[in-house]
Amino acid sequence: MLRMRRNLAFGTRIHNYLLLLYLFLLGLFFSQLWWDVTPEFAGIVHRATSFLSLVGLWYAALLLLMALFLWAVDKLFPAWDVVGTLLRGAAFFVGYVIVTFFSTITQEGLVLHF
């Protein structure tokens with residue numbers, strides 16, 4: 001189980017780096033607010049940001065499953081790893097919602113249905 005704890009610690013470190021890469025892509029995505037970009041650039045950055053956010057969410061789920069397995073086997077709950085993974089997963093989810101909302105507004109406009 002020590003190896004699995006080390007794998008969990010290494011996995012959370014990878015998840016941190018994945019979040020940093022995601023924040024960089026999110027900054028690239030929101031650069032559309034300040035500079036005029038081509039539709040191709042906007043599409044590529046939108047797809048990359050959406051893909052990376054979904055990868056981050058799936059990786060968070062994998063880390064949480066690993067933590068639950070460790071809890072079931074060792075009877076010791078890895079609280080810091082779980083809390084950190086939940087916070088990073090929430091950041092990926094909020095970023096995904098913002099990117100989807102922003103893309104919908106800029107490409108299709110705001111439509112209200114009554």
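Across segment 5-15, a minimum of one residue is classified as part of a helix (DSSP H, G or I), modelled with pLDDT of 90 or more, among the basic types (K, R) and more than 13 Å from G95 (Cβ to Cβ).
Residue-wise test of (1) touching a helix residue (DSSP H, G or I) at 6+ places or on another chain (Cβ under 9 Å); (2) within 30 Å of T106 (Cβ to Cβ).
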{"site": "G11", "(1), (2)": "yes, no"}
{"site": "Y22", "(1), (2)": "yes, yes"}
{"site": "F29", "(1), (2)": "yes, yes"}
{"site": "L65", "(1), (2)": "no, no"}
{"site": "V73", "(1), (2)": "yes, no"}
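In segment 91-114, is there at least one residue being free of Cβ contacts under 8 Å to residues at least 12 places away in the same chain, in a helix (DSSP H, G or I), among the small types (G, A, S) and under 24 Å from L28 (Cα atoms)? Looking for residues that are free of Cβ contacts under 8 Å to residues at least 12 places away in the same chain, in a helix (DSSP H, G or I), among the small types (G, A, S) and under 24 Å from L28 (Cα atoms), one finds none in segment 91-114, hence no. The residue pairs whose first member lies in segment 66-84 and is under 16 Å from R3 (Cα atoms) and surrounded by 13 or more Cβ atoms within 10 Å (Cβ to Cβ), whose second member is aromatic (F, W, Y) and at pLDDT below 90, and whose beta carbons are closer than 6 Å, counting only pairs six or more residues apart or on different chains, are W71/F77.
For segment 43-58, the tally of residues that are in contact with a helix residue (DSSP H, G or I) (Cβ under 6 Å, 6 or more places away or on another chain) and touching a residue at least 24 places away in the same chain (Cβ under 8 Å) stands at 6. Consider segment 16-42 and keep the residues that are modelled with pLDDT under 90 and closer than 14 Å to T100 by Cβ. The one that is surrounded by the fewest Cβ atoms within 10 Å (Cβ to Cβ) is F30.
The values are calculated or read from the model by the stated rules, or taken from the named source; none is laboratory data. These numbers come from a predicted model, not from an experiment. Every residue, glycine among them, receives a Cβ derived from its backbone with ideal geometry; neighbour counts consider all protein chains shown.
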